[in-house]
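Heads up: the structure comes next, in structure tokens.
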């Protein structure tokens, strides 16, 4: 009987087994090395992205703070947060830097909103004191502030902040700038509805969202005050296309009868010449 140790078949089987073990170990080591390398690359990429996000957050917040400071809005607390964010970024604590910058940015937006609100209330209180008006704040808003005036003004300020953020981030702001200028032009022309729309579109464009603008962005034409035409109730001057008095709210009727052209009075229900009913 052959010795198992010296048997050629046994030796061959053992050698094949050893070769398989070595081959499996080799390929497994290559796989593990590749997996570890991929993980290191992924982690390095995450660190780079976090670095960029932290840097952009700090730069954006500083730009907003500088813009608001030129408007007289300052906050030592926010300035301290920005300094801490810069320190954290210098120490490679990018997540902390990003969080601090975001906290400072949110605080700046709150301060901006509060100042804008106080400015409108102060204006209304000043008007009330000059005229001796005893009406409520809501009534003063309806009487003295044009529709969408505060909303359009606040939206323009938000659009300006978004534009500064986009510039700091290196984004293309050509369309956003054009829309922002159109919003300011409409606001100056007292087209507050158009100013509100353009400001919102400018903010969307600054944020990188797709914006489609139809027709021209120039200020809408302002109706010319008709010479010699005034409200029959309060004598306030009227514009050509006014249907209601802008001061007292009286509904206005046509100056002439639609049937015969006879002049009409404010309280005429029927034409005194042809008897046609006056449309209101």
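Where residues in region 179-188 are crowded, with 16+ Cβ neighbours inside 10 Å and within 16 Å of the chain's Cα centre (by Cα), which of them is nearest to residue 159 (Cα to Cα)? Can you show your working first?
From region 179-188, those crowded, with 16+ Cβ neighbours inside 10 Å are 179-180, 182-187; that's our starting set.
If we keep only those that are within 16 Å of the chain's Cα centre (by Cα) too, we end up with 179-180, 182-184.
Numbers: 179: 9, 180: 7, 182: 12, 183: 9, 184: 10 Å.
Once the filter is applied, the top-ranked residue is 180.
Could you check region 108-211 for helices (runs of 4 or more DSSP H) lying wholly inside it with 2 or more residues that are at pLDDT below 85? Can you show your working first?
Working: elements: 137-144, 149-168, 174-188, 192-206.
Result: 137-144, 149-168, 192-206.
The values are calculated or read from the model by the stated rules, or taken from the named source; none is laboratory data. Here the structure is a predicted model, which means the values were calculated and not measured. Quick reminder, even Gly has a Cβ in these numbers, built from the backbone with ideal geometry, and neighbours come from all protein chains shown.
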